[in-house]
Amino acid sequence: MGHTRRAFLGAVGAMAVATPLAHALPNYVSGRVIQTALNNARDGKGPRDAAGRYIAKPGKATYLLTEPLIIHGNTHLDVTGIRIVARFPATGVKKTMVLNAVAASTGGYGAPGNIAITGGSWDPTWDFFQRGVGHLAPPMNVITLIHTKNVALTGMTIYNTKHWHAIELNAIQNGLVRDCSLLGWIADPKQGLWHGEAVQVDLPNGVTAWAGKADGTPCRTIVLRGNTCDKSGSQLGFGQFTGSHTAHPGVTHSDVLVEANTVTNCEGGIYVKSAEANRTVVITGNKVSGTRTRPRVGVRAVQPISDVVVSGNAVTPCSFSYVGDVAHRSPPQQC
């Protein structure tokens, strides 16, 4: 980013976050340091990656966020080897650790895209539990991207998401989640498990429009590859690895590939349910084990799903479920 090591250390010292329990907590650095790096990338400062994105790479530290990081188009946030925790207030800010920059008038996939996030240990609840006030941790997402295209999330480790989603792809065209570890989920006792996706494939419809228009734009061409969804050291796993529980009349997600992921110690595995007619769902090469009350691998067509491939998955104990008008491209995997 053009800063010397001495300049960076000076910034760290100036922005260290005080806490009354400092003896029990790390010497936090304010998340504003990361935001400054993101703003520099927005302004075209610093090196570029192979895809032409400007790289925001803060120094190694444990950072404390009290509001979302805003990532702009054509930006690569590289937080490899960095720990990021949250202490969000109960009200006043959007409840996600990262949100992309989206103008209020933006719909479709119109927000600045070509966004990447690499690495990092992300934990939205740890600080609250360390301070003995875990019950005050607000429900929240960790990564939320909306109304944009060409995004890649790789090598991230996300711990103990409360009630919502580790990653939400909302109105995204060309999205990749690869080699991420999504570990631990704090279930909402008032909601049950129907909403417990580690990776939520979503659309902006009313309250699900984090930014921009609530225009029902679906996701198109989503790849979830090589990820792990499991329990953490303190919490059980998610309700399921991926899915969607938001619908909009006449709108469908399409071209979703779920490949070579490992799902264990979650309530369910990989479950696709259509509220409207859908097409092209591929579930292949995944490992699912240790799940409990929900389907391990299942496709349920409330409305027809026209092109489904389920093959080569290792499911223990063996359990596959196909319900409704599901058109398989090839013979579906069975026990």
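Name the residue that is farthest from TRP185 (Cα to Cα), counting only residues in the stretch 95-113 that are hydroxyl-bearing (Ser, Thr, Tyr) and part of a loop (DSSP other than H, G, I, E, B). Talk me through it step by step, then tell me what you get.
Quick first cut of the stretch 95-113, residues hydroxyl-bearing (Ser, Thr, Tyr) only: 96, 105-106, 109.
Then keep just the ones that are part of a loop (DSSP other than H, G, I, E, B); that gives 105-106, 109.
Details: SER105: 34, THR106: 32, TYR109: 29 Å.
Among residues in the stretch 95-113 that are hydroxyl-bearing (Ser, Thr, Tyr) and part of a loop (DSSP other than H, G, I, E, B), the one farthest from TRP185 (Cα to Cα) is SER105.
Residue count for the stretch 114-164 satisfying the condition of being under 17 Å from THR228 (Cβ atoms), outside any strand (DSSP E or B) and in contact (Cβ under 8 Å) with a residue 60 or more places away in the chain: 1. Taking the criterion of being at pLDDT 90 or above and out of contact with any strand residue (DSSP E or B) (no Cβ under 9 Å at 6 or more places or on another chain), the only residue of the stretch 277-335 that qualifies is CYS318. Going through (1) modelled with pLDDT of 95 or more; (2) surrounded by fewer than 18 Cβ atoms within 10 Å (Cβ to Cβ); (3) out of contact with any Asp or Glu (no Cβ under 7 Å at 6 or more places or on another chain) one by one, ASP127 falls short only on (2).
Looking only at the stretch 147-156, decide whether some residue is over 28 Å from THR293 (Cβ atoms) and basic (Lys, Arg).
Going residue by residue through the stretch 147-156, those that are over 28 Å from THR293 (Cβ atoms) are 147-155.
Applying the additional criterion that residues be basic (Lys, Arg) yields 149.
Within the stretch 147-156, one or more residues are over 28 Å from THR293 (Cβ atoms) and basic (Lys, Arg).
Restricted to the stretch 168-183, and to residues there that are in contact with a Phe, Trp or Tyr (Cβ under 9 Å, 6 or more places away or on another chain) and aliphatic (A, V, I, L, M), the residue that is surrounded by the most Cβ atoms within 10 Å (Cβ to Cβ) is ALA171.
Which one of LEU38, LEU99 is on the phi < 0 side of the Ramachandran plot, of a type outside the set (Gly, Ala, Ser) and in contact with a His (Cβ under 7 Å, 6 or more places away or on another chain)? I'd like the intermediate steps shown before the answer.
Numbers: LEU99 fails: in contact with a His (Cβ under 7 Å, 6 or more places away or on another chain).
Sole residue among the options that is on the phi < 0 side of the Ramachandran plot, of a type outside the set (Gly, Ala, Ser) and in contact with a His (Cβ under 7 Å, 6 or more places away or on another chain): LEU38.
Considering the stretch 275-294 alone, what residues qualify as being more than 22 Å from ASP202 (Cα to Cα), part of a strand (DSSP E or B) and either without any contact (Cβ under 8 Å) to a residue 12 or more places away in the chain or not basic (Lys, Arg) (or both)? VAL288, SER289 - these are the residues of the stretch 275-294 that are more than 22 Å from ASP202 (Cα to Cα), part of a strand (DSSP E or B) and either without any contact (Cβ under 8 Å) to a residue 12 or more places away in the chain or not basic (Lys, Arg) (or both). For the stretch 40-55, a residue qualifies if it is without any contact (Cβ under 8 Å) to a residue 12 or more places away in the chain and closer than 15 Å to ALA101 by Cα, and exactly one does: ASP43.
Here's the yes/no breakdown for (1) of a type outside the set (Asp, Glu); (2) over 21 Å from ASN141 (Cα atoms); (3) modelled with pLDDT of 95 or more:
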| residue | (1), (2), (3) |
| --- | --- |
| PRO26 | yes, yes, no |
| GLN35 | yes, no, yes |
| GLY44 | yes, yes, yes |
| ASN74 | yes, yes, yes |
| LEU77 | yes, no, yes |
| ARG87 | yes, no, yes |
| THR91 | yes, no, no |
| VAL98 | yes, no, yes |
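Restricting attention to the stretch 295-335, report how many residues are surrounded by fewer than 18 Cβ atoms within 10 Å (Cβ to Cβ) and either basic (Lys, Arg) or not in a strand (DSSP E or B) (or both). Result for the stretch 295-335: 11.
Residues in the stretch 286-306 that are of a type outside the set (A, V, I, L, M) and under 9 Å from THR316 (Cβ atoms): LYS287, SER289, GLY290, ARG296.
Does ASN39 fit the bill of being closer than 23 Å to ASP179 by Cβ, modelled with pLDDT of 95 or more and among the polar types (S, T, N, Q)? Criteria not met by ASN39. Among the residues making up the stretch 133-167, those that are closer than 18 Å to LYS190 by Cα and either of a type in the set (Lys, Arg) or surrounded by fewer than 21 Cβ atoms within 10 Å (Cβ to Cβ) (or both) are GLY134, HIS135, LEU136, PRO138, PRO139, LYS162, HIS163. Could you identify the single residue in THR246, THR228, THR242 that is over 18 Å from ASN160 (Cα atoms) and without any contact (Cβ under 8 Å) to a residue 60 or more places away in the chain? The match here is THR246. Are any of the residues in the stretch 207-229 more than 18 Å from the chain's Cα centre (by Cα), closer than 25 Å to ALA187 by Cα and not in a strand (DSSP E or B)? Checked the stretch 207-229: no residue is more than 18 Å from the chain's Cα centre (by Cα), closer than 25 Å to ALA187 by Cα and not in a strand (DSSP E or B).
The values are calculated or read from the model by the stated rules, or taken from the named source; none is laboratory data. These numbers were taken from a predicted model, which means no experiment stands behind them. In this analysis, Cβ positions are derived from the backbone assuming ideal geometry, glycine residues included, and neighbour counts consider all displayed protein chains.
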